[in-house]
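Enquirer: Got a structure here, written out as structure tokens. Questions coming.
Laboratory data are not the source of any read-out in this text; all were calculated from the coordinates shown. The structure presented is a predicted model; accordingly, all values stated were derived computationally and were not measured. All Cβ positions, glycine included, derive from the backbone under ideal geometry; neighbour counts span all protein chains shown.
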Amino acid sequence: MIRWLFRELVFFILGLMKNIIVTLVLLAVLFVGIKYLAGYLFPSTLGIFSREAPSSVNGPRWWEFWKKIPELGRSPDKEEMDSRAAREIAKNLLENGEFKNHWFKGWRKETQFDPEAVIQAGVKDGILSVTFQCKFCALSQSVPVNTLRNLYFDGRVKLKGKRPDGLGSVFSMVEVAVDIELFHGNAMLGRFWITNQQPSVLEQLPLRGIPRTVQNQKQIRVIPIEDQWQRIRLNLYQEALDYLVLDPDKVDGVVVSLVTKTSGQGASAEAWIDYLRLYYKENPLSESRRDS
């Protein structure tokens, strides 16, 4: 009797061990399969399964992975592909161009032309929001460059000017813009003026003293946009060849600014910036374009 019980116990233990081994093998196969699938679809999440990954499933990198699970099996749309490509481009030459830090890191106020200018700026969730109350003021950053060839600008912005109500709106003008200036030494060769304009009603009259918005000239390329979120992408070399009277090979410096130009009591402007990027791109495949 005792011998029979011992034999049954041995068989039970062997069967249990067999089930445990089979279960571990299946879990290992499943783990490797998930790792391979995640690495194929989301290369940036591959580190989740590495030895350096958090030990807790509540860690932020695990959460980022699980948030992407509903996307499995779905082909990314064009906007998503553009977004991925933007993250993989070469280094942004603008310091703090994605506004992950406070705006004063990399950017400076320009109020020397308007001592009474008021600029209120703040960064929340990576979005720079700015309110301008001035005749002429800006946030700007200068960048030395080796050449204009293959140099691209990419930004996602929302610009909005506000004229005063009533009779004051007839004589007032508001313009808020992303200004890209091209320099050779201290000489300004040309500029791209990406702008939301609120011109004076009298602007079209050939009268002196009427405030006027910036217009296309030999050295100025005006790119008007509406007061809604828009993405601006420019091949600066090609744009300079097509629209500006300058030698793009002489450019050795670029100044990118967020500028407001107003006239009239009570005129003001607002701007929201997701990111501003200036970068070199080898073998560019896309042309300059503007998306809403």
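Enquirer: For the pairs 100/160; 100/281; 91/218; 105/281, note any where the Cα-Cα span goes beyond 28 Å.
Expert: Values: 100/160 23 Å; 100/281 23 Å; 91/218 31 Å; 105/281 25 Å.
Beyond 28 Å: 91/218.
Enquirer: Ranking 226, 181 by Cβ neighbours within 10 Å, fewest first, what do you get?
Expert: Details: 226 11, 181 21.
Listing 226, 181 from fewest to most nearby Cβ atoms yields 226, 181.
Enquirer: As an exercise, use a Förster radius of 22 Å and the Cβ-Cβ distance of residue 245 and residue 184 to find the FRET efficiency, rounded to the nearest 0.05.
Expert: Working from the Cβ atoms, E equals 0.95.
Enquirer: Label-point separation (nm) for residue 34 and residue 131, each offset 7 Å from Cα along Cα-to-Cβ?
Expert: 4.9 nm
Enquirer: Check each of the chymotrypsin sites (Phe, Trp or Tyr not before Pro) in the range 93-180 and keep only those in coil by DSSP with at most 16 other C-beta atoms within 10 angstrom; list them in order. Mind dumping the intermediate values first?
Expert: Working: sites: 99, 103, 104, 107, 113, 132, 136, 152, 153, 171; in loops: 99, 103, 104, 107, 113.
In loop regions of the range 93-180 (DSSP not H, G, I, E or B), the sparsely surrounded chymotrypsin sites (Phe, Trp or Tyr not before Pro) are 104, 113.
Enquirer: By what distance, in whole Å, do the Cα atoms of the range 105-153 stretch along each of the three principal axes, largest value first?
Expert: Sorted largest first, the three principal extents are 39, 31, 16 Å.
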